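Since the structure comes first, as structure tokens, the remarks are kept for the end.
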Amino acid sequence: MLPVGERPILEVIVEKLREAGIRRIHLATHYKEEIISNHFGDGQEFGIEIEYVEENNPLGTAGALSLVEVSDETLLVINGDVLTRVDFQAMLDFHHEQKAEMTVAVKEQEFQIPYGVIETDGLRITGISEKPVMRHFINAGIYLLNSELRRYIPAAQAYDMTDLIVRLSEENRPVVAFPIREYWLDIGQME
């Protein structure tokens with residue numbers, strides 16, 4: 001419910017989902033559940049249908065899915081602290097084209113090391129890279145899951161999406177990365 005401009009970030013996310021054609025949303029709540037449900041009600045005022053998944057204890061980024069009614073539809077899961085302009089329909093199309101069971105939105109991040117990085121072989125210096133820039137894809141907190149993957153999520157226990165990604169990867173299941181080129185910001189970071 002952190003304000004972004006004059007509205008809570010969750011309202012911005014809900015609006016983006018509605019604009020993408022999503023009409024039914026499950027909001028997993030534990031922290032500030034009453035404030036969230038008082039703000040959104042049943043969702044009608046926002047042009048959607050909202051059902052609340054109340055976590056008695058925090059269940060992690062995937063655990064609440066064990067409390068959602070079973071459906072054959074592909075599930076879109078998005079963290080509540082992410083601002084983005086990602087094209088959800090393009091992500092879903094990509095998910096189907098790749099025949100993925102899980103698609104993870106990723107964002108390229110650059111990190112410049114402010115020092116010269118020494119390369120060694122034992123104690124012998126073999127090279128130096130002056131203030132190199134490293135590029136990595138990071139987890140953007142947006143996921144598509146085929147509904148049958150819910151069987152991997154323990155019932156009403158803490159379980160994170162990263163746990164699910166690791167398990168599926170270990171079983172050689174099709175988990176793919178969807179690079180986000182659009183605007184993306186994790187407001188969970190102070191800076």
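The values are calculated or read from the model by the stated rules, or taken from the named source; none is laboratory data. Source: prediction; values computed, not measured. We place every Cβ from the backbone using ideal geometry, glycine too, and count neighbours over all the protein chains shown. SASA here: full protein model, heavy atoms, side chains in, ligands and nucleic acids out. Shrake-Rupley method; radii C 1.70, N 1.55, O 1.52, S 1.80 Å.
For E110 and E148, FRET efficiency with R0 = 41 Å and r from the beta-carbon atoms, rounded to 0.05? That pair, E148 with E110, gives E of 0.65. For the chain, averaging the sequence separation of C-alpha pairs within contact (under 8 Å, six or more residues apart) and dividing by the residue count gives a relative contact order of 27 percent. In a reduced charge model with +1 at each Lys and Arg Cβ and -1 at each Asp and Glu Cβ, the chain shows a dipole moment near 460 debye about its Cα centre. The label-point distance for L92 and T162, in a model that sets each label 7 Å from Cα toward Cβ, rounds to 2.9 nm. When the chymotrypsin sites (Phe, Trp or Tyr not before Pro) in the stretch 81-149 are filtered for DSSP coil states and for at most 13 other beta-carbon atoms within 10 Å of their beta-carbon, the remaining sites are Y115. Annotation: for a label point projected 7 angstrom from Cα along Cα→Cβ of N79, residues of the stretch 19-48 with backbone N closer than 16 Å are 28. Surface exposure of the chain, expressed per residue as accessible area with a 1.4 Å probe, stands at 61 Å².
In the complete set of protein chains, residue-level accessible area for S37 is approximately 30 Å², probe 1.4 angstrom.
Please give me, ordered by residue number, the trypsin sites (Lys or Arg not before Pro) of the stretch 1-77 that lie in loop per DSSP and have at most 15 other Cβ atoms within 10 Å. The partial results should precede the final answer.
On the way: sites: K16, R18, R23, R24, K32; in loops: R23.
When the trypsin sites (Lys or Arg not before Pro) of the stretch 1-77 are filtered for loop state and at most 15 Cβ neighbours within 10 Å, R23 remain.
Assuming charge only on the beta carbon of Lys and Arg (+1) and of Asp and Glu (-1), the dipole of the stretch 37-125 about its Cα centre is about 500 debye to the nearest 20. Bridgeable aspartates and glutamates around K16 (alpha carbons under 18 Å apart, same-chain partners fewer than 8 residues away excluded): E6, D42, E45, E49, E51, D81, D87, D93, E182, D186. In order along the stretch 88-98, phi translates into HN-Hα couplings of 5, 5, 4, 5, 5, 4, 4, 4, 6, 4, 7 Hz, rounded to whole numbers, per the Karplus curve 6.51 cos²θ - 1.76 cosθ + 1.60 with θ = phi - 60° and x for Gly and Pro.
Do the sum for the chain: with -39,500 (n - 2.57) for every DSSP H run of n ≥ 4, divided by all residues, what is the mean residue ellipticity at 222 nm, to the nearest 500 deg cm²/dmol?
On the way: 5 runs with 43 residues, N = 191.
The helix-only estimate for the chain comes to -6000 deg cm²/dmol at 222 nm.
Can you list residues whose amide H is under 5 Å from E55's amide H, if they're 5+ apart or on another chain and H is modeled 1.01 Å from N? Here T29, H30 satisfy the definition. The apolar share of the surface of the stretch 1-139, taken as the fraction of accessible area on carbon and sulfur atoms (1.4 Å probe, ligands and nucleic acids excluded), comes to 48 percent.
Taken along its three principal axes, the alpha carbon spread of the chain comes to 66, 42, 34 Å, from the longest extent down to the shortest.
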